[in-house]
Every structure is written in C-alpha cells, then in structure tokens.
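Reading through the structure tokens given below for one structure.
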C-alpha cells in the first residue's frame with residue numbers, strides 16, 4: 001500500500017485513523033500507547049488462543065511481549081473497511097531477543113469512538129513461535 005493510499009484512507013475514515021495510530025504505536029514500540037488505544041473492556045484475541053480482555057490485562061501482555069522486541073515493523077499490504085470493521089492484511093517483521101522473523105497476519109478491528117474495542121488476529125501460530133525463535137508457545 002503506497003503512502004498516498006494510506007493517507008487517503010486515514011483522511012476519509014476516522015476508524016482507519018485509529019487503526020493507523022495503533023500501527024504506528026507498534027512500529028515505534030510504545031507499548032503503553034498500544035494498551036491505551038483499547039477501550040477499558042477491550043479484547044485482543046489471537047484466534048488460536050484465549051482472548052486477552054481489559055485494557056490493563058492487555059497492557060501487561062503487550063509490555064511483557066514488547067520487552068523482547070528489539071525492532072518491529074507492521075508492513076501494511078491492504079487495509080480497508082468491510083461493514084463495521086477495519087481489516088488489515090500485513091506482514092509483521094521483527095527482531096525478538098536477537099532473533100529475526102516475519103509472519104503474515106490478518107487483523108480485524110472493531111472501533112468504538114477513538115479506541116479499539118476488539119482486535120482479532122489470524123495467523124499461523126506455529127509459524128509465529130518459530131519466527132520468534134521460541135521452543136514453545138508463550139500463550
């Protein structure tokens with residue numbers, strides 16, 4: 001997705017602007033901002049494991065995971081609105097505890113006001129664990 005396409009999407013849809021803030025927070029590794037962009041009762045759900053519910057629980061999870069991330073870029077391939085959700089096709093590229101990896105992901109976000117109410121993530125969990133350089137799941 002080109003920079004012009006991203007700017008046009010953000011300018012035309014306030015929900016996409018919220019999602020873009022979230023992407024930027026990840027890319028600059030501002031873990032507290034990532035958590036703050038969720039509603040108080042927000043839901044972060046990697047679909048193959050149990051959801052993480054509530055802003056402070058999400059913060060704990062993200063800060064813990066983020067401690068090992070030396071570098072991360074969420075490369076957006078496609079982003080747009082489908083009904084009441086924002087869909088993102090992306091490739092997450094990162095260095096986690098010195099181990100380089102990347103994983104294709106599809107995220108579906110529900111926005112409430114200027115915060116994320118629900119974020120559902122679809123990816124191959126085994127591929128992520130391998131890309132992180134881990135021996136077992138941290139879920």
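What follows draws every value from the coordinates through simple rules; no lab data is involved. On a predicted model such as this, the values are computed, not experimentally measured, just so you know. Glycine gets a Cβ as well: all are built from the backbone with ideal geometry, and neighbour counts include every protein chain shown.
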inquiry  = Please determine whether any residue of segment 107-114 is over 22 Å from residue 126 (Cα atoms), within 12 Å of the chain's Cα centre (by Cα) and part of a strand (DSSP E or B).
reply    = yes
message = outside any helix (DSSP H, G or I) and either in contact with a strand residue (DSSP E or B) (Cβ under 7 Å, 6 or more places away or on another chain) or surrounded by 15 or more Cβ atoms within 10 Å (Cβ to Cβ) (or both): is that true of residue 129 in this structure?
response = no
remark   = Here the residues within segment 13-30 that are part of a helix (DSSP H, G or I) and either surrounded by fewer than 18 Cβ atoms within 10 Å (Cβ to Cβ) or within 11 Å of the chain's Cα centre (by Cα) (or both) are 14, 17, 19, 20, 21, 22, 23, 24, 25, 26, 27
ask   = Would you say residue 69 is on the phi < 0 side of the Ramachandran plot and touching a strand residue (DSSP E or B) at 6+ places or on another chain (Cβ under 9 Å)?
value = yes
task = Could you figure out which of (1) surrounded by fewer than 16 Cβ atoms within 10 Å (Cβ to Cβ); (2) more than 16 Å from residue 27 (Cβ to Cβ) isn't true of residue 61?
result = (1)
Residues of segment 31-40 classified as in contact (Cβ under 8 Å) with a residue 24 or more places away in the chain, surrounded by 14 or more Cβ atoms within 10 Å (Cβ to Cβ) and in a helix (DSSP H, G or I), total = 3
query = Of all residues in segment 41-80 being in contact with a helix residue (DSSP H, G or I) (Cβ under 7 Å, 6 or more places away or on another chain) and in a helix (DSSP H, G or I), which is farthest from residue 115 (Cα to Cα)?
reply = 66
inquiry  = For segment 106-114, check the following and say yes or no: at least one residue is without any contact (Cβ under 8 Å) to a residue 24 or more places away in the chain, surrounded by 14 or more Cβ atoms within 10 Å (Cβ to Cβ) and more than 19 Å from residue 40 (Cα to Cα).
reply    = yes
